[in-house]
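Notes follow the structure.
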Amino acid sequence: MSPKLSACWVALGPLLCSCALALQGGMLFPVETPSREVKVLDGLWHFRADFSENRLLGFEQQWYRQPLRESGPTLDMPVPSSFNDITQEAQLRDFIGWVWYEREAVLPQRWTQDTNTRVVLRINSAHYHSIVWVNGVHVVEHEGGHLPFEADISKLVQTGPETTCRITIAINNTLTPHTLPPGSIIYKTDAPFPKNYFFQNTSFDFFNYAGLHRSVVLYTTPTTYIDDITVTTDVEQEVGLVNYWISVQGDDHFQLEVRLLDEDGKVVAQEMGEQGQLRVPSANLWWPYLMHEHPAYLYSLEVRMARTVSDSDFYTLPVGIRTVAVTESKFLINGKPFYFHGVNKHEDSDIRGKGFDWPLLIKDFNLLKWLGANSFRTSHYPYSEEVLQLCDRYGIVVIDECPGVGIKLPQSFGNESLRHHLEVMDELVRRDKNHPAVVMWSVANEPASALKPAAYYFKTLISHTKALDPTRPVTFVTNEKYNADLGAPYVDVVCVNSYFSWYHDSGHLEVIQPQLKSQFENWYKTHKKPIIQSEYGADTIAGFHQDPPVMFSEEYQKALLENYHLVFDQKRKEYVVGELIWNFADFMTNQSPIRVIGNKKGIFTRQRQPKSAAFILRERYWRIVSETMDHHSMPMTQCLGTRPLTF
Ligand code: GCB
């Protein structure tokens, strides 16, 4: 690494070591209950990018010590949002280094005066490396975007009559060969480049948006509190089994009461104690969308921790009872074959970049419903918790992917990278383990898995993930050759990406069928595992038409899809268990001669308008539903007439 940026990381050396701190304890989603309050700090924050040559001026001048406006000019920056596309400055769009966010929060008096109240600051996603101060005091730091981290700030805010606190967050979007995703900074020192010129090199195909991408939240719990809940489910004949483990922090003396309520609010099982099993006779199972007349059935697990009558903590967790299993050729949900007909997505939209946005989210779910999609992969990083909550409620099945994308360099397979990757899986599993919609973990996308160290790397990573969660299969998504991939022996399901007639044999649609057939046959013969076509697609500029089809026209995207579908239809009778189009919507990438204002492989535009291919896919997905319904418990007419169409 160049001395300049390494200085920036070295300067943080001692702080980086404390990352593990962020891993202790649970990471329950903040909800309001009779014992908990939540204050969401969405809105305008003060913002400054540190354009100084070494990007360290903010640390040298300790910008966190006083209000940010006192150390120089600030911008108004909306949170949640990426900062990149908010202004007219290309310099800020492409900025690499530290940016500073700050705002004051007014706290209810009870929070600052009642020392039996624990006040927690939670950052739901800050990309990439963050350091947080409250009233100028360092409280936490975290490496990696997309996953939440927290700090208990009770002591800092319970010091006197003051009821405001100043939150300062410094965020650095610099990637190194050991971050996830990896990247590197390239310095251009030869003459024709401007002075001190550098840029960030990455091997992934989406814009490295940065900033406070999700809400920053303050919430309270009592000082003795429910820290974590883990639920796994099983089914024995008609009886649903809900196994639970609860951890309480703060004191050893408490009682725990656990009740499971059905959708009508009726208590169907209850238990006492930190761990146990709830048995639900004639359980309503959690079924995927379009697989059952009443999909996505959710029970509520009400947990009450009590020390005394007036000192209790409450938390309610939605619970879906379902099983997941993989055989040599099938993916089973509740013992029935499940076929993934869905999409790959990105968290991406105009202006807000990767910033969380409710209207966009609900629009996307309505489009999935319209399409008849039953699943998606969180390509190529964990999506917001709100997304997973909606998937639980709607029955949309999720392959939950970590940010292991673009792992191409040999040094990204070393111990330092592996250690971080294992930590990220800890954080991901801890956050998402209780979502019934999540049916499989994906530990990476298209790594250089034919490199020698990949065998040990993926063996370790996958066995670690299975140890964290023995109830779900684990995969990574490959584009290596079936006989060269050193990670494939360790996955439960083969997820393979291919772009026949696009990146290979460009323009030759006629190669798709024979090449795809042999792709499937080779992978199956070698590994004897179910296969998902985890990406396929073609860039298409909405409104470009050409017949006979040529690349980038809507006709070409349609024809490419249709050729793939013919082979899927043969092979899904055997061992192909899913097809996920690349991509749900157009999305922003780095500038490049093969990208026309971003990647255009969406079946919807970035503004969520359908291209012709969306109608092809819609017709197909609904046809698959009508065919497979016959094999399941309900007739299609019932399915169309009731809940699935309205969620
Ligand atoms: C891939 C990658 C994805 C890219 C896509 C493409 O294989 O997994 O991130 O965006 O191809 O369009 O090139």
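The values are calculated or read from the model by the stated rules, or taken from the named source; none is laboratory data. As the structure is a prediction and not an experimental result, all values here were calculated from the model. Neighbour counts are summed over all protein chains in view; Cβ atoms, including those assigned to glycine, are modelled from backbone coordinates with ideal geometry. Surface accessibility is based on the protein's heavy atoms, side chains included, excluding ligands, DNA and RNA. Shrake-Rupley method; radii C 1.70, N 1.55, O 1.52, S 1.80 Å.
From the list HIS435, HIS421, pick out the single residue that is under 30 Å from ARG620 (Cα atoms) and touching a Cys at 6+ places or on another chain (Cβ under 8 Å).
Selected residue: HIS435, the only one of HIS435, HIS421 that is under 30 Å from ARG620 (Cα atoms) and touching a Cys at 6+ places or on another chain (Cβ under 8 Å).
Inside the stretch 23-66, can you point out the residues that are free of Cβ contacts under 8 Å to residues at least 24 places away in the same chain, in contact with a strand residue (DSSP E or B) (Cβ under 8 Å, 6 or more places away or on another chain) and within 30 Å of HIS421 (Cα to Cα)?
Across the stretch 23-66, there are no qualifying residues.
Here is a yes/no grid of residues against (1) under 30 Å from HIS146 (Cα atoms); (2) at pLDDT below 95:
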position	(1), (2)
ASN196	no, yes
THR220	yes, no
THR223	yes, no
ASN243	yes, no
VAL258	no, no
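Which of (1) within 15 Å of the ligand (Cβ to nearest atom); (2) within 27 Å of the chain's Cα centre (by Cα) does TYR564 not meet, given it meets every other one?
(2)
Kindly evaluate TYR482 against the criterion of being in contact with a Phe, Trp or Tyr (Cβ under 7 Å, 6 or more places away or on another chain), aromatic (Phe, Trp, Tyr) and either within 16 Å of the ligand (Cβ to nearest atom) or not in a helix (DSSP H, G or I) (or both).
yes
Scan GLY537, GLY598, GLY602 and give me the residue that is closer than 25 Å to ASN522 by Cβ, among the small types (Gly, Ala, Ser) and touching a residue at least 12 places away in the same chain (Cβ under 8 Å).
Among GLY537, GLY598, GLY602, only GLY537 is closer than 25 Å to ASN522 by Cβ, among the small types (Gly, Ala, Ser) and touching a residue at least 12 places away in the same chain (Cβ under 8 Å).
Six or more apart or on different chains, Cβ under 8 Å: which pairs go from a residue in the stretch 346-368 that's within 21 Å of PHE615 (Cα to Cα) to one that's at pLDDT below 95 and surrounded by fewer than 20 Cβ atoms within 10 Å (Cβ to Cβ)? Could you list them?
Matching pairs, first to second residue: PHE365/PHE647.
Any idea how many residues of the stretch 532-556 are out of contact with any Lys or Arg (no Cβ under 9 Å at 6 or more places or on another chain) and away from the ligand (no atom under 16 Å from the Cβ)?
Final tally of qualifying residues: 8.
Does LYS573 satisfy the criteria of being among the basic types (Lys, Arg) and outside any loop (DSSP other than H, G, I, E, B)?
Here the answer is no, as LYS573 does not meet what is asked.
Within the stretch 280-321, restricting attention to residues that are assigned to a loop (DSSP other than H, G, I, E, B) and β-branched (Val, Ile, Thr), which residue is nearest to LEU256 (Cα to Cα)?
Within the stretch 280-321, the match that is nearest to LEU256 (Cα to Cα) is VAL309.
Pick from the stretch 448-479 the residues that are in a loop (DSSP other than H, G, I, E, B) and of a type in the set (A, V, I, L, M, F, W, C): which of them is farthest from the ligand (Cβ to nearest atom)?
LEU451
When the residues of the stretch 307-339 are narrowed to those that are open to solvent by 60 Å² or more (accessible area, probe 1.4 Å) and charged (D, E, K, R), which ends up modelled with the lowest pLDDT?
ARG307
Checking GLN570 against (1) open to solvent by 30 Å² or more (accessible area, probe 1.4 Å); (2) within 16 Å of the ligand (Cβ to nearest atom): exactly one of these is not met. Which one?
(2)
Checking THR224 against (1) hydroxyl-bearing (Ser, Thr, Tyr); (2) in contact with a Gly (Cβ under 7 Å, 6 or more places away or on another chain); (3) more than 16 Å from the ligand (Cβ to nearest atom); (4) open to solvent by 10 Å² or more (accessible area, probe 1.4 Å), which test does it fail?
With respect to (1) hydroxyl-bearing (Ser, Thr, Tyr); (2) in contact with a Gly (Cβ under 7 Å, 6 or more places away or on another chain); (3) more than 16 Å from the ligand (Cβ to nearest atom); (4) open to solvent by 10 Å² or more (accessible area, probe 1.4 Å), THR224 is out only on (4).
Would you check if there is a residue in the stretch 130-137 being open to solvent by 10 Å² or more (accessible area, probe 1.4 Å), farther than 16 Å from HIS213 by Cβ, touching a residue at least 60 places away in the same chain (Cβ under 8 Å) and outside any loop (DSSP other than H, G, I, E, B)?
yes
For TYR299, which of the numbered conditions (1) touching a residue at least 60 places away in the same chain (Cβ under 8 Å); (2) farther than 20 Å from TYR225 by Cα fails to hold?
Status for TYR299: all satisfied but (1).
Please enumerate the residues belonging to the stretch 599-611 that are within 12 Å of the ligand (Cβ to nearest atom) and within 21 Å of the chain's Cα centre (by Cα).
Result: ASN599, LYS601, GLY602.
Evaluate the following for THR230: is it open to solvent by 20 Å² or more (accessible area, probe 1.4 Å), over 22 Å from TRP98 (Cβ atoms), in contact with a Leu (Cβ under 6 Å, 6 or more places away or on another chain) and not aromatic (Phe, Trp, Tyr)?
no
Specify the residue that is nearest to PHE376 (Cα to Cα); the eligible residues are those in the stretch 477-486 that are within 22 Å of the chain's Cα centre (by Cα) and surrounded by 20 or more Cβ atoms within 10 Å (Cβ to Cβ).
That would be VAL477.
Given the condition of a type in the set (Asp, Glu) and either within 16 Å of the ligand (Cβ to nearest atom) or within 24 Å of the chain's Cα centre (by Cα) (or both), answer yes or no: does some residue in the stretch 493-516 qualify?
The answer is yes, given that some residue of the stretch 493-516 is of a type in the set (Asp, Glu) and either within 16 Å of the ligand (Cβ to nearest atom) or within 24 Å of the chain's Cα centre (by Cα) (or both).
Where residues in the stretch 175-207 are in contact (Cβ under 8 Å) with a residue 60 or more places away in the chain, assigned to a loop (DSSP other than H, G, I, E, B) and within 22 Å of ARG352 (Cβ to Cβ), which of them is nearest to the ligand (Cβ to nearest atom)?
Among those that are in contact (Cβ under 8 Å) with a residue 60 or more places away in the chain, assigned to a loop (DSSP other than H, G, I, E, B) and within 22 Å of ARG352 (Cβ to Cβ), it is ASP205.
Any residue at all in the stretch 405-420 that is part of a strand (DSSP E or B), within 16 Å of the ligand (Cβ to nearest atom) and either open to solvent by less than 10 Å² (accessible area, probe 1.4 Å) or modelled with pLDDT of 95 or more (or both)?
Checked the stretch 405-420: at least one residue is part of a strand (DSSP E or B), within 16 Å of the ligand (Cβ to nearest atom) and either open to solvent by less than 10 Å² (accessible area, probe 1.4 Å) or modelled with pLDDT of 95 or more (or both).
Go through the stretch 576-591 and give me each residue that's part of a loop (DSSP other than H, G, I, E, B) and touching a strand residue (DSSP E or B) at 6+ places or on another chain (Cβ under 6 Å).
Those that are part of a loop (DSSP other than H, G, I, E, B) and touching a strand residue (DSSP E or B) at 6+ places or on another chain (Cβ under 6 Å): TRP582, ASN583, PHE584, THR589.
Here are some residues: ALA614, ALA559. Which one is in contact with a strand residue (DSSP E or B) (Cβ under 8 Å, 6 or more places away or on another chain), part of a helix (DSSP H, G or I), small (Gly, Ala, Ser) and more than 15 Å from the ligand (Cβ to nearest atom)?
Sole residue among the options that is in contact with a strand residue (DSSP E or B) (Cβ under 8 Å, 6 or more places away or on another chain), part of a helix (DSSP H, G or I), small (Gly, Ala, Ser) and more than 15 Å from the ligand (Cβ to nearest atom): ALA614.
For residues that are under 12 Å from the mean Cα position of the chain (by Cα) and of a type in the set (Val, Ile, Thr), tally how many sit in the stretch 381-426.
4
GLU427 - would you say it is within 16 Å of the ligand (Cβ to nearest atom), closer than 27 Å to ASN84 by Cα and not β-branched (Val, Ile, Thr)?
No, not satisfied.
Quick one: how many residues across the stretch 234-269 are part of a strand (DSSP E or B), open to solvent by 50 Å² or more (accessible area, probe 1.4 Å) and touching a Phe, Trp or Tyr at 6+ places or on another chain (Cβ under 8 Å)?
Qualifying residue count for the region: 1.
For the stretch 292-306, enumerate the residues that are open to solvent by 10 Å² or more (accessible area, probe 1.4 Å) and of a type outside the set (Asp, Glu).
If the condition is that a residue be open to solvent by 10 Å² or more (accessible area, probe 1.4 Å) and of a type outside the set (Asp, Glu), then HIS292, HIS294, TYR297, LEU298, SER300, ARG304, ALA306 are the ones that fit.
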